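One structure is given here, and the rest of the page talks about it.
The values are calculated or read from the model by the stated rules, or taken from the named source; none is laboratory data. No experiment lies behind these values; they were computed from the predicted model shown. For neighbour counting, all protein chains shown are included, and Cβ atoms are generated from backbone atoms with ideal geometry for every residue, glycine included. To get the accessible areas, we keep the full protein, side chains included, count just its heavy atoms, and leave off ligands, DNA and RNA. Shrake-Rupley method; radii C 1.70, N 1.55, O 1.52, S 1.80 Å.
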Amino acid sequence: KGVPFRETHHISGACVRLAEEKDISIDTLTLQQLQEIDSRFEEDVMKVWNYEESVERKSSIGGTSKARVLEQIDQCVAFAQKLNEA
């Protein structure tokens, strides 16, 4: 959401540190705890912990979405077939 990578790296490190200090999984941190780390966290941050949704958001070329992975598999199969024909 417009936060520079350098800052997000620092913020995510603080989230990991807090989870480790509390001996809990990072996905169980509350919105309030996250906002104590950085006030820019909003309710939608909780969607980050939905791993399927997170993976599907990466839909650029080479991304992790199912459609992109299937596309990459098709490209690999086609390449392998061309090698076998040669």
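A few remarks follow.
- Basic side chains Lys and Arg get +1 at the Cβ, acidic Asp and Glu get -1 at the Cβ, and with that the dipole of the chain about its Cα centre reaches some 340 debye.
- Close lysine pairs were tallied over the chain: pairs 8 or more places apart or on different chains with Cα atoms under 23 Å apart number 6.
- With protein chains left intact and a 1.4 Å probe, residues in the chain average 81 Å² of accessible area per residue.
- Accessible-area composition of segment 31-86, carbon plus sulfur, in percent [1.4 Å probe]: 55
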